[in-house]
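In what follows, a structure is listed as C-alpha coordinates, so that the remarks can point back to it.
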Amino acid sequence: MKTILKTSIIHSVTNKVISPMSYMSILLLGFNITLANAAETVAGSYYKERQSYGTSLETEPPKYVKQLNKTWLKDYQGLEDVDWLDVGLDYRIRYENRDNDFRRAKGVIDEPVLLRTRGYIGVKNILDPLRFAVELGDARRNHSQFTREFDTRDVNYAEVVQAYLELYFKETILGQDDLGNERPISIKVGRQALEQVDKRLVARNGYRNTTNNFEGVRAVIGQQSNDWQLDMFAFKPVQRFTDEPDQNNDAQHFYGALGHWRKWSEHVSLQPYYYLLKQDGDKVKYDLNGRDETSNTRKIDRTIHTAGIRSYGVLAKSWDYDANFVRQWGEQDTSLVNNTTVDHEAYAFNAELGYTFSQPWKPRVSGFYGLVTGDKNATDNKNQRFERLFGFARPWSNTDAIEMSNIRTTKLRVEFDPKFSFINNLKIDTGYSWYHLESNTDSWGPATLRDRTGVSGSEIGEEFDITARFPINKHINTSIGYSHFMAGDFTKHATQIVSNANDPSRKEHSNYLYVQLEMSAF
(Lines give C-alpha, C1' and ligand atoms only; values in the text may rest on other atoms or scores of the structure.)
Protein backbone atom coordinates (compact mmCIF):
# COMPACT_ATOMS: atom_id res chain seq x y z
CA MET A 1 0.00 0.00 0.00
CA LYS A 2 1.34 3.40 -0.96
CA THR A 3 2.27 5.67 1.92
CA ILE A 4 2.91 9.33 2.87
CA LEU A 5 4.46 11.61 5.33
CA LYS A 6 1.95 14.42 5.12
CA THR A 7 3.80 17.68 5.39
CA SER A 8 2.19 20.94 4.39
CA ILE A 9 4.01 22.61 1.54
CA ILE A 10 3.95 26.32 1.15
CA HIS A 11 5.75 28.12 -1.52
CA SER A 12 6.09 31.47 -3.13
CA VAL A 13 8.46 33.94 -4.61
CA THR A 14 9.51 36.75 -6.85
CA ASN A 15 10.55 40.23 -6.54
CA LYS A 16 8.46 43.13 -7.64
CA VAL A 17 11.22 44.19 -10.06
CA ILE A 18 11.11 40.82 -11.81
CA SER A 19 8.77 40.01 -14.63
CA PRO A 20 7.57 36.41 -14.17
CA MET A 21 6.92 36.10 -17.90
CA SER A 22 10.52 37.02 -18.69
CA TYR A 23 11.89 34.10 -16.76
CA MET A 24 9.19 31.46 -17.16
CA SER A 25 11.16 29.59 -19.81
CA ILE A 26 14.19 29.44 -17.49
CA LEU A 27 12.14 28.24 -14.56
CA LEU A 28 10.45 25.52 -16.58
CA LEU A 29 13.84 24.02 -17.37
CA GLY A 30 14.01 22.88 -13.76
CA PHE A 31 10.85 20.80 -14.05
CA ASN A 32 11.25 18.42 -11.17
CA ILE A 33 10.18 14.89 -11.08
CA THR A 34 10.47 12.97 -7.85
CA LEU A 35 10.20 9.24 -7.61
CA ALA A 36 8.96 7.39 -4.62
CA ASN A 37 11.38 6.06 -2.08
CA ALA A 38 10.64 2.98 -0.05
CA ALA A 39 10.87 4.70 3.32
CA GLU A 40 8.16 4.96 5.96
CA THR A 41 5.11 7.01 4.95
CA VAL A 42 1.40 7.38 5.61
CA ALA A 43 -1.27 5.71 3.45
CA GLY A 44 -2.57 7.86 0.60
CA SER A 45 0.65 9.55 -0.43
CA TYR A 46 3.42 9.03 -2.95
CA TYR A 47 5.94 10.78 -0.69
CA LYS A 48 8.64 8.70 0.99
CA GLU A 49 10.98 10.24 3.56
CA ARG A 50 14.72 10.32 2.88
CA GLN A 51 16.98 8.33 5.22
CA SER A 52 20.32 10.07 4.56
CA TYR A 53 22.03 11.86 7.42
CA GLY A 54 21.29 15.55 8.02
CA THR A 55 19.13 16.11 4.93
CA SER A 56 15.61 16.34 6.40
CA LEU A 57 14.03 19.64 5.36
CA GLU A 58 12.38 22.11 7.69
CA THR A 59 8.61 21.86 7.31
CA GLU A 60 6.48 24.70 5.98
CA PRO A 61 5.38 26.23 8.30
CA PRO A 62 8.29 25.37 10.67
CA LYS A 63 7.97 22.52 13.16
CA TYR A 64 7.44 24.82 16.15
CA VAL A 65 4.21 26.11 14.54
CA LYS A 66 0.88 24.42 15.34
CA GLN A 67 -2.74 24.87 14.33
CA LEU A 68 -4.37 26.74 17.21
CA ASN A 69 -7.09 24.17 18.01
CA LYS A 70 -4.39 21.49 18.25
CA THR A 71 -2.57 23.32 21.05
CA TRP A 72 -3.37 23.78 24.76
CA LEU A 73 -5.21 26.97 23.77
CA LYS A 74 -8.14 24.83 22.58
CA ASP A 75 -9.16 24.46 26.23
CA TYR A 76 -10.20 28.11 26.30
CA GLN A 77 -13.81 28.81 25.39
CA GLY A 78 -14.29 29.84 21.79
CA LEU A 79 -10.90 28.54 20.59
CA GLU A 80 -11.71 24.84 20.29
CA ASP A 81 -12.86 25.21 16.66
CA VAL A 82 -10.21 27.66 15.43
CA ASP A 83 -8.63 25.61 12.63
CA TRP A 84 -7.76 28.62 10.46
CA LEU A 85 -4.94 30.06 12.58
CA ASP A 86 -1.36 28.76 12.87
CA VAL A 87 0.68 29.98 15.85
CA GLY A 88 4.21 29.39 17.07
CA LEU A 89 6.62 30.72 19.68
CA ASP A 90 10.09 29.23 20.05
CA TYR A 91 13.17 30.01 22.14
CA ARG A 92 16.59 28.38 21.81
CA ILE A 93 19.70 28.77 23.94
CA ARG A 94 23.00 27.09 23.07
CA TYR A 95 26.22 27.14 25.04
CA GLU A 96 29.31 26.48 22.93
CA ASN A 97 32.89 25.77 23.89
CA ARG A 98 35.11 26.27 20.84
CA ASP A 99 38.76 25.50 21.53
CA ASN A 100 41.00 26.62 18.64
CA ASP A 101 38.18 27.19 16.14
CA PHE A 102 39.87 27.21 12.71
CA ARG A 103 37.17 29.54 11.36
CA ARG A 104 38.84 32.22 13.48
CA ALA A 105 42.30 33.65 12.84
CA LYS A 106 43.27 33.24 16.51
CA GLY A 107 43.64 29.90 18.30
CA VAL A 108 41.78 30.74 21.51
CA ILE A 109 39.02 29.22 23.63
CA ASP A 110 35.70 30.94 23.00
CA GLU A 111 32.55 30.22 25.03
CA PRO A 112 29.65 32.02 23.35
CA VAL A 113 26.03 31.71 24.45
CA LEU A 114 23.73 31.88 21.44
CA LEU A 115 20.12 33.00 21.90
CA ARG A 116 17.40 32.74 19.27
CA THR A 117 13.71 33.68 19.55
CA ARG A 118 11.10 33.10 16.84
CA GLY A 119 7.39 33.81 16.60
CA TYR A 120 4.91 32.88 13.86
CA ILE A 121 1.31 33.62 13.01
CA GLY A 122 -0.45 32.49 9.85
CA VAL A 123 -4.02 32.64 8.58
CA LYS A 124 -5.41 29.91 6.29
CA ASN A 125 -8.73 28.37 5.16
CA ILE A 126 -11.06 31.10 6.44
CA LEU A 127 -10.23 33.62 3.68
CA ASP A 128 -9.22 31.14 0.98
CA PRO A 129 -7.77 31.47 -1.54
CA LEU A 130 -6.11 34.38 0.31
CA ARG A 131 -3.68 33.41 3.07
CA PHE A 132 -0.86 35.21 4.83
CA ALA A 133 1.87 34.59 7.40
CA VAL A 134 4.44 36.52 9.42
CA GLU A 135 7.50 35.07 11.17
CA LEU A 136 9.69 37.25 13.39
CA GLY A 137 13.12 36.38 14.72
CA ASP A 138 15.79 37.70 17.06
CA ALA A 139 19.33 36.25 17.16
CA ARG A 140 21.96 37.26 19.72
CA ARG A 141 25.34 36.13 21.00
CA ASN A 142 26.71 36.82 24.47
CA HIS A 143 29.90 35.96 26.37
CA SER A 144 32.20 35.73 23.35
CA GLN A 145 35.76 36.92 22.79
CA PHE A 146 34.78 38.18 19.35
CA THR A 147 32.82 41.28 18.49
CA ARG A 148 29.13 41.03 17.66
CA GLU A 149 29.46 43.82 15.12
CA PHE A 150 29.38 42.53 11.55
CA ASP A 151 28.91 38.87 12.45
CA THR A 152 25.60 37.93 10.85
CA ARG A 153 26.21 34.20 11.39
CA ASP A 154 25.19 34.69 15.01
CA VAL A 155 23.66 38.15 15.38
CA ASN A 156 20.54 39.60 13.74
CA TYR A 157 18.42 41.70 16.09
CA ALA A 158 14.59 41.81 15.84
CA GLU A 159 14.03 40.94 12.22
CA VAL A 160 11.22 39.86 9.91
CA VAL A 161 12.13 36.33 8.80
CA GLN A 162 9.00 35.86 6.70
CA ALA A 163 6.07 38.08 5.70
CA TYR A 164 4.08 37.04 2.66
CA LEU A 165 0.67 36.94 1.04
CA GLU A 166 -0.42 33.67 -0.53
CA LEU A 167 -3.04 32.63 -3.05
CA TYR A 168 -3.81 28.97 -2.33
CA PHE A 169 -6.18 27.05 -4.59
CA LYS A 170 -7.04 23.67 -3.08
CA GLU A 171 -8.94 22.32 -6.08
CA THR A 172 -7.65 23.12 -9.57
CA ILE A 173 -8.13 22.09 -13.19
CA LEU A 174 -5.20 19.71 -12.67
CA GLY A 175 -7.56 17.44 -10.74
CA GLN A 176 -6.26 14.59 -8.58
CA ASP A 177 -3.49 12.02 -8.76
CA ASP A 178 -4.19 8.28 -8.86
CA LEU A 179 -4.39 8.11 -5.05
CA GLY A 180 -7.08 10.78 -4.94
CA ASN A 181 -4.88 13.63 -3.69
CA GLU A 182 -5.83 17.09 -4.95
CA ARG A 183 -3.23 19.04 -6.94
CA PRO A 184 -3.31 22.51 -5.32
CA ILE A 185 -1.57 25.63 -6.64
CA SER A 186 0.17 28.06 -4.28
CA ILE A 187 1.54 31.50 -5.18
CA LYS A 188 3.38 33.45 -2.48
CA VAL A 189 4.67 37.01 -2.69
CA GLY A 190 6.87 38.64 -0.07
CA ARG A 191 9.72 37.67 2.26
CA GLN A 192 10.19 33.91 2.57
CA ALA A 193 12.53 31.24 3.96
CA LEU A 194 12.73 27.77 2.46
CA GLU A 195 14.78 24.60 2.05
CA GLN A 196 15.16 22.48 -1.08
CA VAL A 197 16.70 19.21 -2.28
CA ASP A 198 19.23 18.16 0.43
CA LYS A 199 19.81 21.67 1.88
CA ARG A 200 23.32 21.93 0.44
CA LEU A 201 22.37 24.73 -1.99
CA VAL A 202 19.19 26.30 -0.57
CA ALA A 203 18.45 26.20 3.17
CA ARG A 204 17.10 28.20 6.10
CA ASN A 205 20.25 27.08 7.94
CA GLY A 206 18.44 25.99 11.08
CA TYR A 207 21.46 25.15 13.24
CA ARG A 208 23.05 28.55 12.65
CA ASN A 209 21.66 31.33 14.83
CA THR A 210 20.46 33.44 11.88
CA THR A 211 18.24 32.49 8.94
CA ASN A 212 18.70 32.67 5.17
CA ASN A 213 15.70 34.34 3.55
CA PHE A 214 14.61 35.96 0.29
CA GLU A 215 12.14 38.46 -1.12
CA GLY A 216 10.15 37.73 -4.23
CA VAL A 217 7.62 35.31 -5.65
CA ARG A 218 7.29 31.55 -5.41
CA ALA A 219 4.80 29.28 -7.16
CA VAL A 220 4.17 25.63 -6.32
CA ILE A 221 2.06 23.23 -8.34
CA GLY A 222 1.02 20.16 -6.36
CA GLN A 223 1.67 19.05 -2.80
CA GLN A 224 4.03 16.65 -1.09
CA SER A 225 1.59 13.72 -1.29
CA ASN A 226 1.25 13.99 -5.10
CA ASP A 227 3.00 11.83 -7.67
CA TRP A 228 4.67 14.93 -9.16
CA GLN A 229 5.25 18.47 -8.00
CA LEU A 230 6.82 21.63 -9.45
CA ASP A 231 8.32 24.46 -7.38
CA MET A 232 9.48 27.72 -9.05
CA PHE A 233 10.74 31.02 -7.66
CA ALA A 234 12.22 34.40 -8.53
CA PHE A 235 13.93 36.08 -5.56
CA LYS A 236 16.33 38.66 -4.31
CA PRO A 237 18.37 37.41 -1.33
CA VAL A 238 17.89 39.34 1.91
CA GLN A 239 21.00 41.19 3.10
CA ARG A 240 21.37 40.63 6.84
CA PHE A 241 22.71 43.27 9.24
CA THR A 242 23.46 42.76 12.92
CA ASP A 243 21.58 45.76 14.36
CA GLU A 244 19.92 47.49 11.40
CA PRO A 245 16.80 46.46 9.47
CA ASP A 246 17.56 43.80 6.86
CA GLN A 247 16.93 44.70 3.23
CA ASN A 248 16.77 42.91 -0.08
CA ASN A 249 20.04 42.68 -1.98
CA ASP A 250 19.56 44.74 -5.14
CA ALA A 251 22.85 43.42 -6.55
CA GLN A 252 21.63 39.82 -6.83
CA HIS A 253 18.72 38.00 -8.45
CA PHE A 254 18.15 34.31 -7.74
CA TYR A 255 15.82 32.12 -9.83
CA GLY A 256 15.02 28.46 -9.48
CA ALA A 257 12.88 25.53 -10.49
CA LEU A 258 12.69 22.21 -8.67
CA GLY A 259 10.75 19.17 -9.76
CA HIS A 260 9.67 16.04 -7.94
CA TRP A 261 8.69 12.76 -9.55
CA ARG A 262 7.48 10.24 -6.97
CA LYS A 263 5.60 7.66 -9.00
CA TRP A 264 8.17 6.21 -11.39
CA SER A 265 9.55 3.60 -8.99
CA GLU A 266 9.11 2.41 -5.43
CA HIS A 267 12.87 2.55 -5.04
CA VAL A 268 13.67 5.89 -6.67
CA SER A 269 12.60 9.48 -5.96
CA LEU A 270 13.95 11.98 -8.48
CA GLN A 271 14.54 15.71 -8.03
CA PRO A 272 15.87 17.56 -11.08
CA TYR A 273 16.61 21.24 -10.35
CA TYR A 274 17.95 24.42 -11.91
CA TYR A 275 19.14 27.67 -10.29
CA LEU A 276 20.34 30.94 -11.81
CA LEU A 277 22.29 33.51 -9.79
CA LYS A 278 22.91 36.90 -11.43
CA GLN A 279 24.95 39.64 -9.78
CA ASP A 280 25.41 43.24 -10.90
CA GLY A 281 28.83 44.30 -9.65
CA ASP A 282 27.97 48.01 -9.81
CA LYS A 283 25.24 47.47 -7.20
CA VAL A 284 27.29 45.47 -4.68
CA LYS A 285 27.31 47.53 -1.47
CA TYR A 286 27.88 45.08 1.39
CA ASP A 287 29.69 41.86 2.20
CA LEU A 288 27.92 38.85 3.77
CA ASN A 289 28.24 40.34 7.26
CA GLY A 290 26.77 43.72 6.34
CA ARG A 291 30.03 45.68 6.13
CA ASP A 292 30.58 48.15 3.32
CA GLU A 293 32.16 46.14 0.53
CA THR A 294 35.60 47.55 -0.34
CA SER A 295 37.10 44.71 -2.38
CA ASN A 296 37.10 45.19 -6.15
CA THR A 297 37.36 41.41 -6.59
CA ARG A 298 33.89 41.01 -5.04
CA LYS A 299 32.25 43.97 -6.81
CA ILE A 300 31.92 41.95 -9.99
CA ASP A 301 29.29 40.90 -12.51
CA ARG A 302 28.45 37.20 -12.26
CA THR A 303 26.09 34.85 -14.06
CA ILE A 304 26.13 31.37 -12.54
CA HIS A 305 23.89 28.55 -13.81
CA THR A 306 23.44 25.50 -11.56
CA ALA A 307 21.71 22.33 -12.77
CA GLY A 308 21.55 19.00 -11.02
CA ILE A 309 19.62 15.87 -10.29
CA ARG A 310 19.16 14.02 -7.04
CA SER A 311 17.95 10.45 -6.55
CA TYR A 312 17.17 8.81 -3.24
CA GLY A 313 15.25 5.82 -1.98
CA VAL A 314 15.29 2.39 -0.38
CA LEU A 315 16.73 -0.41 -2.49
CA ALA A 316 15.64 -3.27 -0.29
CA LYS A 317 14.06 -3.57 3.12
CA SER A 318 17.16 -2.35 4.95
CA TRP A 319 19.34 -0.60 2.34
CA ASP A 320 18.92 3.09 1.50
CA TYR A 321 20.80 5.51 -0.73
CA ASP A 322 21.02 9.21 -1.62
CA ALA A 323 22.98 10.51 -4.62
CA ASN A 324 23.28 13.97 -6.13
CA PHE A 325 25.18 15.40 -9.12
CA VAL A 326 25.30 19.11 -9.93
CA ARG A 327 27.11 21.14 -12.60
CA GLN A 328 27.74 24.87 -12.78
CA TRP A 329 28.59 27.07 -15.74
CA GLY A 330 28.58 30.77 -16.58
CA GLU A 331 30.94 33.72 -16.47
CA GLN A 332 32.19 36.34 -14.07
CA ASP A 333 34.54 39.30 -13.88
CA THR A 334 37.85 38.99 -12.06
CA SER A 335 37.73 42.58 -10.74
CA LEU A 336 35.66 45.73 -10.91
CA VAL A 337 38.55 47.66 -12.47
CA ASN A 338 40.27 45.38 -15.02
CA ASN A 339 37.19 44.32 -17.07
CA THR A 340 38.50 40.76 -17.51
CA THR A 341 35.85 38.05 -17.79
CA VAL A 342 36.53 34.40 -16.98
CA ASP A 343 34.44 31.28 -17.54
CA HIS A 344 32.89 29.58 -14.54
CA GLU A 345 33.03 25.78 -14.81
CA ALA A 346 32.47 23.71 -11.68
CA TYR A 347 30.74 20.56 -10.51
CA ALA A 348 29.97 18.53 -7.39
CA PHE A 349 28.66 15.12 -6.50
CA ASN A 350 27.93 13.21 -3.32
CA ALA A 351 26.56 9.78 -2.51
CA GLU A 352 25.52 8.01 0.68
CA LEU A 353 24.71 4.33 1.20
CA GLY A 354 23.13 3.17 4.44
CA TYR A 355 21.99 -0.06 6.09
CA THR A 356 19.49 -0.25 8.97
CA PHE A 357 19.57 -3.34 11.18
CA SER A 358 16.34 -4.97 12.36
CA GLN A 359 17.14 -4.44 16.03
CA PRO A 360 15.25 -2.61 18.83
CA TRP A 361 17.79 0.23 18.78
CA LYS A 362 17.36 0.64 14.97
CA PRO A 363 21.09 1.06 14.26
CA ARG A 364 21.87 2.55 10.85
CA VAL A 365 25.41 2.39 9.43
CA SER A 366 26.28 4.60 6.47
CA GLY A 367 29.16 5.60 4.23
CA PHE A 368 29.35 8.93 2.42
CA TYR A 369 31.64 10.40 -0.26
CA GLY A 370 31.47 13.95 -1.59
CA LEU A 371 33.55 15.99 -4.02
CA VAL A 372 33.20 19.70 -4.80
CA THR A 373 35.60 21.37 -7.19
CA GLY A 374 38.03 24.16 -6.39
CA ASP A 375 39.91 26.50 -8.71
CA LYS A 376 42.88 24.81 -10.38
CA ASN A 377 44.80 27.81 -11.68
CA ALA A 378 44.29 31.46 -10.79
CA THR A 379 45.70 32.62 -14.17
CA ASP A 380 43.96 30.36 -16.72
CA ASN A 381 40.83 32.50 -17.28
CA LYS A 382 38.66 29.78 -15.77
CA ASN A 383 37.12 29.58 -12.32
CA GLN A 384 36.42 26.04 -11.14
CA ARG A 385 35.54 26.94 -7.55
CA PHE A 386 31.99 25.80 -6.88
CA GLU A 387 29.50 28.51 -5.88
CA ARG A 388 27.67 27.21 -2.78
CA LEU A 389 24.70 29.58 -3.25
CA PHE A 390 22.61 29.72 -0.05
CA GLY A 391 23.24 26.29 1.39
CA PHE A 392 23.75 24.65 4.77
CA ALA A 393 27.31 23.81 5.87
CA ARG A 394 26.42 21.37 8.64
CA PRO A 395 25.86 18.25 6.49
CA TRP A 396 29.56 18.57 5.63
CA SER A 397 30.82 19.08 9.20
CA ASN A 398 29.18 19.37 12.62
CA THR A 399 31.55 22.24 13.44
CA ASP A 400 30.45 24.36 10.43
CA ALA A 401 34.12 24.48 9.40
CA ILE A 402 33.56 22.77 6.03
CA GLU A 403 31.36 24.15 3.27
CA MET A 404 30.42 23.13 -0.27
CA SER A 405 33.50 24.46 -2.08
CA ASN A 406 36.89 22.86 -2.84
CA ILE A 407 36.42 19.74 -0.75
CA ARG A 408 36.77 15.96 -0.93
CA THR A 409 35.45 14.05 2.03
CA THR A 410 34.76 10.49 3.11
CA LYS A 411 32.49 9.83 6.09
CA LEU A 412 31.49 6.79 8.14
CA ARG A 413 28.53 7.17 10.49
CA VAL A 414 26.39 5.20 12.95
CA GLU A 415 22.94 6.31 14.13
CA PHE A 416 20.83 4.52 16.74
CA ASP A 417 17.94 4.99 19.18
CA PRO A 418 18.95 3.53 22.59
CA LYS A 419 16.17 2.31 24.84
CA PHE A 420 16.49 3.34 28.49
CA SER A 421 13.78 3.47 31.14
CA PHE A 422 14.99 6.82 32.49
CA ILE A 423 15.06 8.69 29.15
CA ASN A 424 12.56 8.54 26.29
CA ASN A 425 13.16 8.98 22.57
CA LEU A 426 16.93 9.28 22.86
CA LYS A 427 18.73 9.48 19.50
CA ILE A 428 22.50 9.23 19.12
CA ASP A 429 24.68 9.57 16.06
CA THR A 430 28.43 9.42 15.74
CA GLY A 431 30.83 9.61 12.83
CA TYR A 432 34.37 9.95 11.52
CA SER A 433 35.34 12.16 8.58
CA TRP A 434 38.40 12.68 6.38
CA TYR A 435 38.75 16.10 4.69
CA HIS A 436 40.95 17.05 1.73
CA LEU A 437 41.11 20.01 -0.62
CA GLU A 438 39.92 19.15 -4.10
CA SER A 439 42.49 21.65 -5.48
CA ASN A 440 45.74 22.11 -3.54
CA THR A 441 46.14 25.69 -4.80
CA ASP A 442 42.67 26.90 -3.81
CA SER A 443 41.54 27.79 -0.30
CA TRP A 444 39.87 26.12 2.64
CA GLY A 445 37.12 28.75 2.62
CA PRO A 446 35.73 28.95 6.18
CA ALA A 447 39.28 28.99 7.60
CA THR A 448 40.56 31.46 4.94
CA LEU A 449 43.70 29.34 4.55
CA ARG A 450 45.43 28.97 1.18
CA ASP A 451 48.75 27.90 -0.30
CA ARG A 452 48.87 29.21 -3.87
CA THR A 453 51.91 27.05 -4.59
CA GLY A 454 50.14 23.84 -3.61
CA VAL A 455 53.18 22.49 -1.75
CA SER A 456 51.29 22.22 1.56
CA GLY A 457 49.29 19.34 0.09
CA SER A 458 45.56 18.69 0.29
CA GLU A 459 45.00 17.14 3.72
CA ILE A 460 42.81 19.47 5.80
CA GLY A 461 42.36 16.97 8.61
CA GLU A 462 40.18 14.35 10.26
CA GLU A 463 37.20 14.75 12.57
CA PHE A 464 35.30 12.67 15.10
CA ASP A 465 31.83 13.76 16.24
CA ILE A 466 29.01 12.49 18.44
CA THR A 467 25.58 13.97 19.16
CA ALA A 468 22.75 13.00 21.52
CA ARG A 469 19.21 14.36 21.22
CA PHE A 470 16.22 13.81 23.50
CA PRO A 471 13.05 15.60 24.65
CA ILE A 472 12.66 16.65 28.28
CA ASN A 473 8.93 16.99 27.70
CA LYS A 474 6.69 17.81 24.74
CA HIS A 475 7.75 21.48 24.85
CA ILE A 476 11.52 21.20 25.52
CA ASN A 477 14.13 19.41 23.41
CA THR A 478 17.78 18.94 24.28
CA SER A 479 20.83 18.37 22.10
CA ILE A 480 24.41 17.74 23.26
CA GLY A 481 27.28 17.41 20.81
CA TYR A 482 31.06 17.09 20.68
CA SER A 483 33.55 17.20 17.79
CA HIS A 484 37.32 16.73 17.76
CA PHE A 485 39.29 17.91 14.71
CA MET A 486 42.88 16.83 14.00
CA ALA A 487 44.75 19.06 11.55
CA GLY A 488 46.35 17.56 8.45
CA ASP A 489 49.51 18.66 6.63
CA PHE A 490 47.78 21.41 4.66
CA THR A 491 46.33 23.01 7.80
CA LYS A 492 49.59 22.74 9.74
CA HIS A 493 51.60 24.39 6.97
CA ALA A 494 49.03 26.98 5.81
CA THR A 495 48.69 28.53 9.27
CA GLN A 496 52.40 29.40 9.00
CA ILE A 497 52.02 31.29 5.69
CA VAL A 498 52.26 35.02 6.45
CA SER A 499 49.74 36.08 3.81
CA ASN A 500 47.04 34.02 5.51
CA ALA A 501 47.24 36.30 8.59
CA ASN A 502 46.64 33.33 10.87
CA ASP A 503 48.00 32.35 14.27
CA PRO A 504 51.24 30.41 13.63
CA SER A 505 51.41 29.29 17.27
CA ARG A 506 47.97 27.69 17.36
CA LYS A 507 47.47 24.03 18.25
CA GLU A 508 47.10 21.29 15.67
CA HIS A 509 43.72 20.12 16.94
CA SER A 510 40.37 21.71 17.69
CA ASN A 511 37.48 20.83 20.02
CA TYR A 512 33.84 21.83 19.84
CA LEU A 513 31.30 21.12 22.60
CA TYR A 514 27.75 22.40 22.76
CA VAL A 515 24.66 22.02 24.93
CA GLN A 516 21.38 23.24 23.49
CA LEU A 517 17.84 23.67 24.84
CA GLU A 518 14.96 24.50 22.52
CA MET A 519 11.62 25.45 24.06
CA SER A 520 8.36 25.73 22.17
CA ALA A 521 5.20 27.28 23.61
CA PHE A 522 2.97 24.99 21.59
- Packing-wise, with mean Cβ within 10 Å as the measure, how do 228-237, 54-63 rank, highest first? 228-237, 54-63
- Find how much the distance from residue 292 to residue 173 grows on full extension, using 0.36 nm per residue of separation minus their present alpha carbon separation; answer in nm with one decimal. 37.9 nm
- Note on the structure: re the range 319-411: pairs of Cα atoms spaced beyond 20 Å account for a percent value of 50
- Note on the structure: Expressed in Å to one decimal, the Kirkwood Rh of the range 265-386 from all distinct alpha-carbon pairs is 17.3
- Query: Of the listed peptides 350-361, 391-402, 417-428, what is their order by residue-averaged count of other C-beta atoms within 10 Å, with the highest listed first?
  - Reply: 391-402, 350-361, 417-428
- Taking the chain and dividing mean pair separation by its residue count, relative contact order in percent (alpha carbons under 8 Å, at least six apart): 15
- Counting only protein heavy atoms and rolling a 1.4 Å probe, one gets per residue an accessible area for the chain in Å² of 44
- Message: Once you place label points 7 Å from the Cα toward the Cβ at residue 448 and residue 430, how far apart are they in nm?
- Response: 3.6
- Task: Please report the base-10 log of the normalised intensity I(q)/I(0) for the range 184-278, using a Debye sum with one equal scatterer per alpha carbon and no solvent, at each q in 0.13 (1/Å).
- Result: -0.50
- Note on the structure: In vacuo Debye sum over C-alpha of the range 355-500, base-10 log of normalised intensity I(q)/I(0) at q = 0.11, 0.17 Å⁻¹, listed in q order, is -0.52, -0.95
- Task: Give a residue-ordered list of calculated ³J(HN,Hα) values for the range 188-201 (Karplus: 6.51 cos²θ - 1.76 cosθ + 1.60, θ = phi - 60°; whole Hz; x for Gly, Pro).
- Result: 10, 10, x, 8, 9, 10, 8, 9, 9, 6, 10, 6, 6, 10
- Item | Gap separating the Cα centres of the range 394-464 and the range 281-318, nearest whole Å | 20
- Note on the structure: Under 19 Å between C-alpha atoms, the lysine pairs in the range 208-366 lying 8 or more places apart or on different chains count 9
- Size of electric dipole in the range 73-221: Cβ of Lys, Arg +1 and of Asp, Glu -1, about Cα centre, debye, nearest 20: 740
- Query: Between residue 70 and residue 106, what is the spin-label point distance in nm, taking each point 7 Å from the Cα along the Cα→C-beta axis?
  - Reply: 4.9
- Query: Counting Lys and Arg as +1 and Asp and Glu as -1, each charge on the Cβ, what is the dipole of the chain about the Cα centre in debye, to the nearest 20?
  - Reply: 520
- In the chain, taking the dipole from +1 charges on Lys and Arg beta carbons and -1 charges on Asp and Glu beta carbons about the Cα centre, the listed residue (142, 368, 332) farthest towards the positive end is 368
- Please find the FRET efficiency linking residue 501 to residue 473, where r is the Cβ-Cβ separation and R0 is fixed at 45 Å, and quote it to the nearest 0.05. 0.40
- How long is the range 180-225 along each principal axis, judged by its Cα atoms, biggest number first, in Å? 40, 23, 15
- Query: When the accessible area of the chain is split by element with a 1.4 Å probe, what percent falls to carbon and sulfur?
  - Reply: 57
- Kirkwood hydrodynamic radius of the chain from all distinct Cα pairs, in Å? 24.1
- Query: Applying 1/(1 + (r/R0)^6) with R0 = 60 Å to the Cβ-Cβ distance of residue 335 and residue 464, what FRET efficiency is obtained, to the nearest 0.05?
  - Reply: 0.90
- Item | Linear extension gain, residue 381 paired with residue 315, 0.36 nm per residue minus alpha-carbon span | 19.4 nm
- Message: Excluding same-chain pairs closer than 8 in sequence, count the lysine pairs in the range 380-500 whose Cα atoms lie under 21 Å apart.
- Response: 4
- Message: Which three extents, in angstrom, do the Cα atoms of the range 80-209 have along their principal axes, listed largest first?
- Response: 61, 32, 26
- Note on the structure: Farthest towards the positive end of the dipole of the range 38-110, among 56, 76, 100 and with Cβ unit charges of +1 on Lys and Arg and -1 on Asp and Glu, lies the Cα of 100
- Item | In Hz, Karplus ³J(HN,Hα) per residue of the range 123-134 (6.51, -1.76, 1.60; θ = phi - 60°; x = Gly, Pro) | 10, 9, 6, 5, 10, 3, x, 7, 9, 7, 8, 9
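The values are calculated or read from the model by the stated rules, or taken from the named source; none is laboratory data. Quantities reported herein were computed from a predicted structural model and do not represent experimental measurements. Ideal geometry is used to build each Cβ from the backbone, glycine not excepted, and the neighbour counts take in all protein chains shown. The accessibility values were calculated without ligands, DNA or RNA, using every heavy atom of the protein model including side chains. Shrake-Rupley method; radii C 1.70, N 1.55, O 1.52, S 1.80 Å.
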